[in-house]
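Trainee: Attaching a single structure in structure tokens format; questions to follow.
Rule-based calculations on the coordinates, nothing more; no lab input. This structure is a prediction, so every number in the text was calculated from the model and none was measured. So basically every Cβ, Gly included, is an ideal-geometry build from the backbone, and we count neighbours across all protein chains shown.
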Amino acid sequence: MQQKIVLIGGPGTGKSSVLNELISRGFHCKPEISREVTLEAQKKGIDQLFLTDPLLFSNLLLEGREKQFLDANKSTEKVVFFDRGIPDVHAYLEFFNTDYPPHFIEKSTTHLYTKVFMLPPWKEIYTSDNERYESFEEAVKIYHHLKKTYQQIGYKISIVPFGTIQERTNYILDAIKNDL
């Protein structure tokens with residue numbers, strides 16, 4: 001059985017760095033797509049699509065993340081890692097107090113991941129940029145929304161301790177080594 005492992009956490013927690021380390025170690029990984037959606041919107045003159053039209057942005061993310069999940073199903077890889085999962089989409093909408101249609105939760109409960117690893121907020125490594133506009137305090141609140149959302153779906157979340165990228169990656173791989 002294929003292992004679908006999702007890395008979650010608020011912005012700036014090191015998810016993409018750990019994912020890049022997993023890639024360098026030969027693992028199949030699905031990247032975060034929100035930057036791609038944001039950059040496409042910016043090419044069309046919309047500076048922050050999530051802030052301008054959060055539901056459109058979220059629908060594009062939902063479609064992209066569902067496609068990643070379904071593409072993984074077609075893969076012969078034994079383990080596939082994801083930088084964020086489908087439930088992240090409605091967790092963010094909850095954080096921004098934005099209504100969304102029921103299919104957001106349906107997609108989250110239909111396409112289930114095998115394991116969830118959460119990287120907690122870490123002020124020392126947090127930075128903002130053109131696509132990451134949240135303050136550290138907002139990142140902490142997003143972390144709690146994500147955690148609550150995944151737990152409501154029924155996931156058991158493993159919290160990845162602080163450490164170097166290699167240490168954090170090793171923690172995840174050690175936790176799944178019996179499933180490989």
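Trainee: How do LEU60, LEU55, LEU70 rank when sorted from fewest to most other Cβ atoms within 10 Å of their own Cβ?
Mentor: LEU70, LEU55, LEU60
Trainee: Still on this structure, please answer the following. Projected onto the charge dipole of the chain (+1 at Lys/Arg Cβ, -1 at Asp/Glu Cβ, origin at the Cα centre), which of TRP122, PHE95, ASN20 gives the Cα projection farthest towards the positive end?
Mentor: ASN20
Trainee: Just to confirm the filter: which chymotrypsin sites (Phe, Trp or Tyr not before Pro) across the range 100-180 are DSSP coil and have at most 10 other Cβ within 10 angstrom of their Cβ?
Mentor: none
Trainee: On to the next question. Go from 0 up to the bin containing the longest alpha carbon distance in the chain, width 5 Å each, and give me the % of pairs per bin.
Mentor: Final binned percentages: 1, 8, 17, 22, 22, 16, 9, 4, 0, 0.
Trainee: In the range 97-180, what GluC sites (Glu not before Pro) fall in a loop by DSSP, with at most 11 other Cβ atoms inside 10 Å?
Mentor: Here the GluC sites (Glu not before Pro) that fit, given the DSSP loop and packing criteria, are GLU124.
Trainee: Further, regarding this structure: Can you give the local net charge around THR114? Use residues other than it whose beta-carbon is closer than 12 angstrom to its beta-carbon, Lys and Arg +1, Asp and Glu -1.
Mentor: For residues surrounding THR114, the net value is +3.
Trainee: Which aspartates and glutamates, on any chain, are close to LYS148 with Cα under 15 Å apart, when same-chain ones fewer than 8 places away are left out?
Mentor: Straight-distance partners of LYS148: ASP88, GLU94.
Trainee: Can I ask one more? Given the options GLY12, GLY163, GLY85, state which has the largest fluctuation in a GNM of the chain using a 10 Å cut-off (strictly under) for Cα springs.
Mentor: Checking each option, the largest mean-square fluctuation is seen for GLY163.
Trainee: LYS78: which lysines have alpha carbons under 17 Å from its alpha carbon, excluding same-chain residues fewer than 8 sequence positions away?
Mentor: LYS4, LYS30, LYS115, LYS177
Trainee: Still on this structure: Quick check on the range 1-83: take the gyration tensor over C-alpha atoms, sort the square-rooted eigenvalues as a ≥ b ≥ c, and tell me if it's rounded (a/c under 1.5), prolate or oblate.
Mentor: prolate
Trainee: In the range 99-180, what trypsin sites (Lys or Arg not before Pro) fall in a loop by DSSP, with at most 11 other Cβ atoms inside 10 Å?
Mentor: For trypsin sites (Lys or Arg not before Pro) across the range 99-180 that sit outside H, G, I, E and B with at most 11 neighbouring Cβ atoms in 10 Å, the list reads LYS123, LYS156.
Trainee: Something else: Between GLU106 and GLN42, what length comes free when the chain is fully extended (0.36 nm per residue of separation minus the Cα-Cα distance, one decimal in nm)?
Mentor: So the extension gain works out to 20.1 nm.
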